[in-house]
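For reference, the structure discussed in these notes is given below.
The values are calculated or read from the model by the stated rules, or taken from the named source; none is laboratory data. Fair warning: this is a prediction, and the values are worked out from it, not measured in the lab. Don't worry about glycine lacking a Cβ; one is built from the backbone with ideal geometry, like all the others, and counts go over all protein chains shown.
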Amino acid sequence: MRDTKQEIVKLADRHIRSRGFNAFSYTDISKVLAIKNAAIHYYFPSKFDLGVAVIEKTIDTFEWSSQRWSELDYAAQLEQYMEVYDRSKAENCVCLMGALAPAYDTLSAEMQQALRLLGQTLLAWLTRLLEAGRNAGVFTFKGAARDQAYVFQSALLASLLLDKVLQENVCATIKAGILNN
């Protein structure tokens, strides 16, 4: 049975991460799904409502994934996290944060709040992982774990943007640098 609402969210996510939030319309989605724009408006009255749903789905997926990763050692968890960025690169996409951040000032207050929550969720998890890994002797770095999380997160985000432009596999270089840090 077709779950139209989830298909809409999935396609919107793909459009946002490949083209940007302001570069797609409901028509782009309705054509692929062979439905009317009104069907999308039924589930998501505004494009901002759809954007919030995409962000919330991303948070839910990350929380589910990170829960599964918690059974792995610290280094393997970090590798799994970076694998998410590898998959984005393989799909010729950027991460959701990287796709939405440039349009931040044009987003609704609800979308801005959801995007902040996504960033806070990712950074909180990464900070906890780095601190626990350092305490276990797996990771070595100077300074606060939160500062290192900022460095890792921004490097991963930027690597996808650079890969898209330069097509030089920057993502793999950044990933290797993080693992060797």
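Only residues that are farther than 19 Å from Asn22 by Cβ and either aliphatic (A, V, I, L, M) or over 13 Å from the mean Cα position of the chain (by Cα) (or both) were counted across the stretch 93-120, and they come to 1. Residue-level analysis places Glu79 among those that are over 30 Å from Pro45 (Cα atoms), among the acidic types (Asp, Glu) and surrounded by 13 or more Cβ atoms within 10 Å (Cβ to Cβ). Restricting the first member to the stretch 139-165 and to residues that are in contact (Cβ under 8 Å) with a residue 40 or more places away in the chain, and the second to residues that are assigned to a loop (DSSP other than H, G, I, E, B) and not polar (S, T, N, Q), the beta-carbon pairs closer than 7 Å and six or more apart or on different chains are Leu157/Cys95; Leu160/Val94; Leu160/Cys95; Leu161/Val94; Lys164/Val94. Filtering Lys36, Lys47, Lys10 for residues that are among the basic types (Lys, Arg), modelled with pLDDT of 95 or more and farther than 16 Å from Leu115 by Cα leaves a single hit, Lys10. For the stretch 25-35, the count of residues that are under 25 Å from Phe152 (Cα atoms) and touching a residue at least 24 places away in the same chain (Cβ under 8 Å) is zero. Kindly check whether there is at least one residue in the stretch 36-49 that is buried (at least 17 other Cβ atoms within 10 Å of the Cβ) and under 19 Å from the mean Cα position of the chain (by Cα). Checked against the condition, which is being buried (at least 17 other Cβ atoms within 10 Å of the Cβ) and under 19 Å from the mean Cα position of the chain (by Cα), the stretch 36-49 yields at least one hit.
Within the stretch 126-133, can one find any residue that is surrounded by 14 or more Cβ atoms within 10 Å (Cβ to Cβ) and assigned to a loop (DSSP other than H, G, I, E, B)? Before you say what the answer is, go through the steps one by one.
From the stretch 126-133, those surrounded by 14 or more Cβ atoms within 10 Å (Cβ to Cβ) are 126-133; that's our starting set.
Adding the requirement that they be assigned to a loop (DSSP other than H, G, I, E, B) leaves none.
No, the stretch 126-133 contains no residue that is surrounded by 14 or more Cβ atoms within 10 Å (Cβ to Cβ) and assigned to a loop (DSSP other than H, G, I, E, B).
Every residue in the stretch 134-152 that is part of a helix (DSSP H, G or I) and among the hydroxyl-bearing types (Ser, Thr, Tyr), please.
As a first pass, look at the stretch 134-152 and keep what is part of a helix (DSSP H, G or I): 134-135, 145-152.
Once the filter is applied, which keeps residues that are part of a helix (DSSP H, G or I) and among the hydroxyl-bearing types (Ser, Thr, Tyr), the stretch 134-152 yields only Tyr150.
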